[in-house]
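Reviewing the structure listed below.
FYI, it's all coordinate maths here, none of it is from the lab. The shown structure was predicted, so the numbers you read here are calculated from the model rather than taken from an experiment. In this analysis, Cβ positions are derived from the backbone assuming ideal geometry, glycine residues included, and neighbour counts consider all displayed protein chains.
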Amino acid sequence: MRWPGRTIWDTRIQGVCGILTVAGDEGIEIFGSASFAQVSLDPPRVIVNPNRTYGFEPALRQTGRFALNVLPANSRKQMIQWMRIRRREPQKEKQLGLKMVEDHHQIPFVADSLRTLFCEVESTQDSGDRKLYIARVIESRVNRALEGQLPLLFSQVTDDSTHPRLRRLFRTTLLLSGALDGSKKLKQKFRPAQPANIAKTTYDEAGATEPEIETILKPGITDRSRYLTPPAAPAILTRSIGVCVVGTGWGQTHTQYLRMASPRVRLFVCGRNQAKTERIAKISGAEGCFFDLEQAVNDERVNAVTLALPHDVHRSAVELAASAGKHALVEKPIATDLADADAMIAAAKRAGTILMVAEDMHFRPAVREAVQMISSGAIGEPLYFMAHSAGVRRPSGWAADKDRLGGGVLMDIGVHYVRALRLLMGEPDSVFASRSMQINTKMSGEDSAQLVFSSRFGWEGHMLLSWSSQRGHLPDIVIAGERGTIYLWPGARYFDFYPVKPRFLTQMISYVRPYSLQTRLMKPGLQRVRLHPSDRDHTGYLGEMQEFVAAVSEDRAPVTPPEDGRRDLEIITRCYEALALGRPVEIDSIR
Amino acid sequence: MERWQGQQGEPKLSSPYIENSIIESAVGLVLVKTGEVANAMTVSFFSEVAHHPTALWVSIAKASYTHSLLDQTSEFSLVVLNQNQKQIALRCGTASGRDQDKCSHLELYQNHAGFLFLENALASTSCRVQQRLDLGDHTLFVGEILESELESRTSHLRQLLISDLKN
């Protein structure tokens, strides 16, 4: 039965799939395409029409040389992944796992393609939202290892189901039996479709006018705001080392996670309160304890120290450890001001010792998984980051003193979420800060703060930090994108994903009438996809300890250098400036 | 495409388009009608131009009969063939419309706007030429996509590929 085509894809002119590759200024740029073809025989030329809103097009415009890599049929997953990946993701080739190589043509190409054409652009033709690039083929190279294999066809990737063969068989059966046509006719009878209009429907689904392209390109063609990457897997300690936990408050948590990190850790504890230190040493199975930091760092059995101390003594403790040639893991924030942070980094560099800032957010498995989901395009363009950390807390002692803590809740808790923001979204370019009335008058620092971050790459971040209100049953981090939203829960072994595209049950219920029944049946949870990272620890504390002791044992730099902690502090410092000024403050670009 | 060399049975093809194709591609037919004259020509040099305005391109050898017909009209149809339509591709790709009426062997029909479409093809699309670009021995015709029709009974089949014609 004949049906009217409704979009350009219905014309079936998209045939063979390929990856176009070009050497850009900031690395390789790639573009997946099914709309290229040979255009003349002698000389052999091809035409490609890359999307102008992708990084590939400006790079091609600049270099004028590219490779057209025809994909074999077994590349279906890669092509589907390409179609899902967000447009502005940098280093797409790495996300897709493409093996890129280069030879005397100095054009990067895909090693595992069926055939590669090395091309040089001869002319271009403006044609609406795409531009035709007419290119002469310099060399056509066949991959002998894949000879005889069929190319990947566009029709094979438009069905992105996990069981394409089964689905195809089912569809073919319906088609040949006439059931599909029958059901279509029936649907037409009850709900007649609008007359087909290829131009309008194609434009609505994927086309763009010049002003639209201008708007799309405003926040940058590639989002290069993210510098940090969480480690893919926890590190493993390869040899026995002696680690002394300094501090008997939060230090108790250090001892627990160091014990869990590896049986190869020989544990020591250091604290000023003798009885408490001995008790912790006994409970944690430490080999010994010290009551003075100098004594601890000069003990031969100790290779490294973890510092869980008041923030204002971080600098002196790190300098002391470095002078004794001992590696140090210092709790966040790295220091109370940037001058101290710089001095600490310089001291460790001079001594050739490792300095790492204990930032659990960097190792939180759910954050790592969320970063992977964002990179793979699960939520499309990430637009909003929202962090909400609130819990009634009454800090006392040094933690209630803004000079010793370095501030209030913004310094103590804000650094965690600044790191989360940097991992999940990228580096912010400006911040506006405000706060509600002070409730806790027993602390000299602020007990609440609200921050709004902006990026020139088009995303926004919001943080609400409070020690005078409760968060309730809410996630602590939400990342909202055009195709979905990720909810991270503190202390949970899972995280949630809510795709924009209706899931099966949601879709089915949307057909239920009357609406009152539909409303009753439709629950938000039906759209939820609950995901469980397989890590032993869900907090990130274990991961940070494992990384530190592994870096010490392997004598290598940790995956998160102290400069990361310094940057967190720099951003927090700008937040305080914004709070004082009552207007947005620029944040310097990362050095 | 060059003349079909075979005389009976399975057509044997000797065409530079097949022998010298440097890239795998789908195969289709360009159908042109001027007055009482209609012609069908096998093509593999075609693809998409843009999503807005919605357009496709097809590259036609200047020496071909189809090219001369396209000089007289600005309308054509592009038919994408399915994997079982190899014989149609060979017959329409190895003889010139100047010598024989290739359309008489084809199951053609006219859509409501008078464009020639092919029965059982994957899709038939009507186009109006917007631009012509000289590429030496070929001309690139950029056509605005007007309408299209799909055949559901063959929609499970894949496109006919240039490599299918080599085998």
Ignoring GluC sites (Glu not before Pro) that are buried or in helix or strand per DSSP, and keeping those with at most 10 other beta carbon atoms within 10 Å, what is the longest stretch of chain A between them? A:301-591
How far is helix A:251-261 tilted off the main Cα axis of chain A, in degrees rounded to 10, range 0 to 90? 50
Compute the helix-to-body angle for A:414-424: its Cα long axis versus the longest principal axis of chain A, expressed 0 to 90° and rounded to tens. 30
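Is there a quick way to get the dipole size of region A:170-264? I mean about its Cα centre, with the Cβ of Lys and Arg at +1 and of Asp and Glu at -1; what is the value in debye to the nearest 20?
Details: 13 positive and 7 negative charges, 115 e Å.
That gives a dipole near 560 debye.
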Provide the three semi-axes, in whole Å and in decreasing order, of the ellipsoid equivalent to region A:267-310 as defined by the square roots of 5 times the Cα gyration tensor eigenvalues. 15, 12, 9
Relative contact order as a percentage, chain A, C-alpha pairs under 8 Å and 6+ apart, gives 13
Would you work out the relative contact order for chain B, in percent, from Cα pairs under 8 angstrom that are 6 or more residues apart? 28
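Determine the relative contact order of region A:374-437: mean sequence separation of Cα pairs under 8 Å and six or more apart, normalised by residue count, in whole percent.
Values: 20 pairs, mean separation 15.7, N = 64.
It rounds to 25 percent for region A:374-437.
For every helix of n ≥ 4 consecutive DSSP H residues, a contribution of -39,500 (n - 2.57) applies; sum these over chain A, divide by its total residues, and give [θ] at 222 nm rounded to the nearest 500 deg cm²/dmol.
Values: 21 runs with 198 residues, N = 591.
It comes out at -9500 deg cm²/dmol, rounded to the nearest 500.
What is the dipole size for region A:172-225, taken about its Cα centre, with +1 at each Lys and Arg Cβ and -1 at each Asp and Glu Cβ, in debye to the nearest 20?
Details: 8 positive and 7 negative charges, 104 e Å.
Taking the Cα centre of region A:172-225 as origin, the dipole is about 500 debye.
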Antiparallel versus total DSSP beta bridges in chain A: what percent is that, nearest 5? 70
Whole-number Å³ per residue for the convex hull built on Cα positions in the protein assembly as shown: 191
³J(HN,Hα) computed for each position of region A:147-155 - Karplus, 6.51 cos²θ - 1.76 cosθ + 1.60, integer Hz, glycine/proline x: 4, x, 7, 7, x, 6, 9, 4, 5
When the Karplus curve 6.51 cos²θ - 1.76 cosθ + 1.60 is applied with θ = phi - 60°, which whole-Hz ³J(HN,Hα) does each residue of region A:6-18 get, with x for Gly and Pro? 10, 9, 4, 6, 5, 6, 6, 7, 7, x, 7, 9, x
Which one, A:290, A:174, B:42, projects farthest toward the positive side of the charge dipole computed for the protein assembly as shown from Cβ point charges (K/R +1, D/E -1)? A:174
Work out from phi, with θ = phi - 60° and the Karplus expression 6.51 cos²θ - 1.76 cosθ + 1.60, the ³J(HN,Hα) of each residue of region A:174-188, listed in order in whole Hz, and give x for Gly and Pro. 4, 5, 5, 7, x, 5, 5, 4, x, 5, 5, 4, 4, 4, 4
Distance in nm between residue B:20 and residue A:376 label points, each 7 Å along Cα→Cβ, equals 4.6
Mark the label point 7 Å from the Cα of residue A:528 along Cα→Cβ and return the residues of region A:451-490 whose backbone N is within less than 16 Å of it. A:472-479, A:485-490
For labels at residue A:275 and residue A:402 in the simple 7 Å Cα→Cβ model, what's the distance in nm? 3.6
Given the options A:133, A:183, A:104, identify the residue whose Cα lies farthest towards the positive end of the charge dipole of region A:101-204 (+1 on Cβ of Lys, Arg; -1 on Cβ of Asp, Glu). A:183
Compute the length gained on full extension between residue A:589 and residue A:260: take 0.36 nm times their separation in residues and subtract their Cα-Cα distance, giving the result in nm to one decimal. 114.7 nm
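Mind checking the full-extension length gain between residue A:138 and residue A:301? Use 0.36 nm per residue of separation minus the Cα-Cα distance, one decimal, nm. Show your work: numbers first, answer last.
Details: separation 163, 0.36 × 163 = 58.68 nm, distance 6.51 nm.
52.2 nm is the gain from fully extending residue A:138 to residue A:301.
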Report, largest value first, the span of the C-alpha coordinates of region A:63-184 along each principal axis, in whole Å. 55, 39, 29
For a label point 7 Å along the Cα-to-beta-carbon line of residue A:215, residues of region A:438-462 with backbone N under 17 Å: A:458-459
Let me know the charge dipole size of chain B about its Cα centre in debye, to the nearest 20, where only the beta-carbon of Lys, Arg (+1) and Asp, Glu (-1) is charged. 260
For residue A:106, project a label point 7 Å along Cα to C-beta. Then give me every residue of region A:1-27 with its amide nitrogen under 19 Å of that point. A:21-27
Nearest-0.05 FRET efficiency for residue B:62 and residue A:580 at R0 = 60 Å, using Cβ-Cβ distance, is 0.20
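Tell me, what is the FRET efficiency for residue A:160 and residue B:87 to the nearest 0.05, using R0 = 30 angstrom and their Cβ-Cβ distance as r?
Working: r = 33 Å, r/R0 = 1.12.
The value I calculate is 0.35.
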What residue among A:490, A:524, A:548 has its Cα farthest toward the positive end of the dipole of region A:473-591, where the charges are +1 on Lys, Arg and -1 on Asp, Glu, each on the Cβ? A:524
Measuring from label point to label point, each 7 Å out along Cα→Cβ, what is the residue B:74 to residue A:187 span in nm? 3.7
